[in-house]
1. Taking a ≥ b ≥ c as the square roots of the Cα gyration tensor eigenvalues, with a/c under 1.5 meaning rounded and otherwise prolate when a/b beats b/c, else oblate, which class fits the chain?
2. What longest region of the chain stays clear of GluC sites (Glu not before Pro) that DSSP places outside H, G, I, E and B and that have at most 15 other Cβ atoms within 10 Å?
3. How far apart, in nm, are two points set 7 Å out from the Cα along the Cα-to-Cβ line at Asn256 and at Leu97?
4. Please enumerate, by chain and number, the aspartates and glutamates with C-alpha under 17 Å from the C-alpha of Lys195, excluding those fewer than 8 residues away in the same chain.
5. What percentage of the solvent-accessible surface of the chain, computed with a 1.4 Å probe over protein heavy atoms, is contributed by carbon and sulfur atoms?
6. Could you tell me which of the pairs Lys211/Lys278; Lys211/Lys387; Lys334/Lys387; Lys221/Lys254 are separated by over 30 angstrom between their Cα atoms in the structure shown?
7. Once fully extended, how much extra length lies between Ser373 and Glu194, figured as 0.36 nm per residue of separation less the alpha-carbon to alpha-carbon distance?
8. Multiplying the sequence separation of Arg329 and Val35 by 0.36 nm and subtracting their Cα-Cα distance, what value in nm do you get?
Amino acid sequence: MVVIIAGSVITTSIYRSYPYTYTPPAINSPVPAPVYPPLISSPNLSVRKNVVDLTSKEKAAFVKAVHALKNTIPQGSKLSIYDQLVLEHVFTMGFSLSSGAKGSAKVNPAHGKPAFLPWHRQFLRVFEQALQAIDPSVTVPYWDWTDPKALEIVLEDDFLGSRGQGVTIEIPGAGTFQGGVVSSGPFAEWTLNEKIHFDPITGKSLGPKLKRFIKLPPCDKYPIPKAKVEQLFRFDNYEIFNALLEGALKLDDKKNWVEGWELHACIHTLIGGSLVDKLEPNRVPQQTQILGTMDSVPSSPYDPIFWLNHANVDRLWAEWQDRGHTSSRFYPSKGMPFGHNLHDPMWPWDKGLSIPGNVGSEDITSLVSSIQSNVVVTPMDVLDFRKLGYTYDTTRLVPKT
Ligand SMILES: [Cu+2]
């Protein structure tokens, strides 16, 4: 039994390693007139379902297909298909000049800025198509964070279980918490590549096993209140919607942008767990150490729960788009760092236009070539999710009223 007592060592905020600071527009910024999607029926779409509605057969099929990706090593590669996907996400953190990045992109192409939603939409669809190549019936389920039953269902041993075990965390003033290696359920046997499973704050590896520390403060509240998700739909400006949903920024009482730790970002921590400097009301704590897989921004797709969290993020965006924000006029066409404008290729789908620098404590640059992509994908290419071949059980095409 390992006991860790929380205390401050190094301090950094969730996303503070960005070379460009970015502030979304003020809430009264002008927005285009509403545009609704055309009312056409699209019968051949894959439908992504709520985890609470999955049958045991559907859960088993998803788990089986995920295992197949983890166990399939494509010819000429050192990494399995699943590990390659994790690596793509890891290298999104390698676009600072100090890390040795080359080419057009100078910032993280996937986080902290407008391409957060389109980048992850493309990433999820690539993952889903890989699953469907194994079993065409499988789609990526979504985790509705406002559903009180969903967390337990996700963590059951017949699905993506279990909780982590073996480590006790003492947080002064907040109590003791349990977590550690996932030692039962379908992912207990997984061996993770230690070089791409690491804590970006300390630079240390998180080891060869999946780790979870469920419900540690400050992200210990579940479910998320429905009103907190619903309020996102009051914003017609894409950049505001994107930033609030990502959850690394929030609006304070005076409607100014301040650091946040909410929604998608807090769900990562709800599963992974962070150590923080101190817990105080009305202040966003600074992370001092990452504990579990889901809390590491680079390595988080190593926890299969990642896909369910991001399917919910993507679903909320899809619903927002259907509610009168369908046009590409809502998405910023210029003025953003490269990779985040409407027509910018988003690494790794940029045919080699940008090359990330090293990430983590070991040299993994030799692995970049194993994930080079020969397709080009821009935010524009993924705005219409139905065109990508999928929809959600909650998205409805409704006539304009
Ligand atoms: Cu991500």
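The values are calculated or read from the model by the stated rules, or taken from the named source; none is laboratory data. Note that the structure is predicted; figures quoted are calculated from it, not measured. Reconstructed Cβ throughout: ideal geometry from the backbone, glycine too, with neighbour counts over all protein chains shown. SASA here: full protein model, heavy atoms, side chains in, ligands and nucleic acids out. Shrake-Rupley method; radii C 1.70, N 1.55, O 1.52, S 1.80 Å.
1. Because its axes are fairly even, with a/c under 1.5, the chain counts as rounded.
2. That gives 190-361 as the longest site-free run.
3. 2.9
4. The reachable aspartates and glutamates, counting only those whose Cα sits under 17 Å from Lys195, are Asp83, Glu88, Asp295, Asp303, Glu362, Asp363.
5. It is 53 percent, rounded to a whole number.
6. Values: Lys211/Lys278 23 Å; Lys211/Lys387 36 Å; Lys334/Lys387 24 Å; Lys221/Lys254 25 Å.
Lys211/Lys387, as the Cα separations exceed 30 Å there.
7. 62.1 nm
8. 104.9 nm
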